[in-house]
1. Taking each label point as 7 Å beyond Cα in the direction of the beta carbon, state the distances from A:THR136 to the same residue in the other copies, shortest first, in nm.
2. Calculate the mean, over all residues of peptide B:163-171, of how many other protein chain Cβ atoms lie within 10 angstrom of the residue's Cβ.
3. Contour minus end-to-end for A:ASP124 and A:ASP109, with contour as 0.36 nm per residue of separation and end-to-end as the Cα-Cα distance?
4. Which one, B:GLY160, A:GLY193, B:THR117, is farthest towards the positive end of the dipole of the protein assembly as shown when Lys and Arg carry +1 and Asp and Glu -1 on their Cβ?
5. Would you give the gap between the C-alpha center of the range A:129-200 and the C-alpha center of the range B:119-154, rounded to a whole Å?
6. What net charge do the residues around A:GLY168 carry, taking every other residue with its C-beta under 11 Å from that of A:GLY168, with Lys and Arg at +1 and Asp and Glu at -1?
7. So what are the radius of gyration and Dmax for the Cα set of chain A, in Å?
8. What list do you get for B:GLU59, A:GLU73 if you sort them by fewest beta carbons within 10 Å?
There are 2 protein chains.
Amino acid sequence: MRIAVLGTGMVGQAIAGRCAELGHAVTVGTRDVAAATARRDRDGMGNPGFGDWSAARPEVTIATFSDAAAGAELIVNATSGGASLAALGEAGAENLANKVLLDVANPLDFSAGMPPTLLVKDTDSLAEQIQRAFPTARVVKSLNTMNATIMIHPELVAGGHHTTFVAGDDSGAKATVVSLLWELGHRDILDLGAISAARGTEMLLPLWLRLFGTLGTPAFQFAVVR
Amino acid sequence: MRIAVLGTGMVGQAIAGRCAELGHAVTVGTRDVAAATARRDRDGMGNPGFGDWSAARPEVTIATFSDAAAGAELIVNATSGGASLAALGEAGAENLANKVLLDVANPLDFSAGMPPTLLVKDTDSLAEQIQRAFPTARVVKSLNTMNATIMIHPELVAGGHHTTFVAGDDSGAKATVVSLLWELGHRDILDLGAISAARGTEMLLPLWLRLFGTLGTPAFQFAVVR
């Protein structure tokens, strides 16, 4: 499948790299290709700068948001939540139309320091904002409730015995996403229904962040046991 | 232990009944004892009215909020979240002072219909509101992330292999609560630290409510696998 991953951070790198390994044709979309590929600084978690990451993966193409989205069948929003609507705007509504848009971002607001709060919550969600802004995109929310490493290697925690939520208004788009999740190793994939269910999964982030602090590692996951 | 359970609804009934079975001296606190014991109507879930429930359990004493709290070593706030501060005010700050106050309520707002939203969130929580209003009470948040039946019989879902969160500023109070949780059958009890962690567990409710709808049963629980 031709996949565009928008965003060059830890999450974008993880998803783009793993999808390429699995044989998909992957393009990473970014605002400024020259600036992104020049980036050598490691991030706060010690991950390589995007330039080094990209140099080691010639099979992954780098392009502008709009060029990446234009050529893709499935688009992953892996930008930071506060910048997602702007990034998708640069990708262009015409390049998102009728495409599956997998939104893995969380609307975190770090402006008042740690822990971040949520920019949108309770009666709305980032996924719904995206769906309203791009009504012909087929938005599916998933993967936003776990660390990037677990997104692409779910087997690393408890042998993969944990739960991955999906939400979206388009059943066909959800089926496409579920198929990709299955390829990544996700086995307990729980369809929560319409895109409004993203309110609940995005509101899981404060607990996720607290658990990260308490457990001292992001190597955990939620399971819905039943 | 002398336990006061404030609230006569499904959650109060469950906790009071089970604690009495376990041999604790249990008093249920309510605003108006005569009105509560006269209640015969079943609730929306088919549970008996409090009068019938109480008549079948002579070992459980019924008293006003203040009389119940005055005689207790541990007080459980099982009132509905929107009414909790008023109910605890009726219980009386002097009767809560230095007591362990286990808060199992959620600040749900049903005023705009279903699904409810949260009255407080993100930068505050009901548990913190209670702690601020009654600074000498030793507030512990727990059990608010699961159905009443699972609170008292955790073994009914996945043999009890799921996670129960606790949060609070007083370690001794948390130890008392953990001991009671253990008696109830909880085994994976995860201490999230200070009472501010209640923000995260209360914000789990929108996802809990969505899962209730999706799964068609409240017989599920969250597990943090790691």
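A short reminder: the numbers here are calculations on the coordinates, not readings from a lab. Keep in mind that this is a model prediction, so the values were computed, not measured. Neighbour counts run over all protein chains shown; Cβ positions are idealised from the backbone, glycine included.
1. Copy-to-copy label distances for A:THR136: 6.8 nm.
2. Numbers: counts 4, 0, 4, 0, 2, 0, 0, 0, 0.
Counting Cβ atoms of other protein chains within 10 Å of each residue's Cβ and averaging gives 1.
3. On the way: separation 15, 0.36 × 15 = 5.40 nm, distance 1.53 nm.
Extra length available between A:ASP124 and A:ASP109 comes to 3.9 nm.
4. The residue sitting farthest along the positive end of the dipole is B:GLY160.
5. Value for the Cα centre distance between the two parts: 30 Å.
6. On the way: positive: A:ARG138, A:LYS141, A:LYS174; negative: A:ASP103, A:GLU128, A:ASP169, A:ASP170, A:ASP191.
Taking every other residue near A:GLY168 into account, the sum is -2.
7. Rg, Dmax (Cα atoms, Å): 16.2, 49.
8. Values: B:GLU59 11, A:GLU73 14.
With the fewest neighbours first, B:GLU59, A:GLU73 line up as B:GLU59, A:GLU73.
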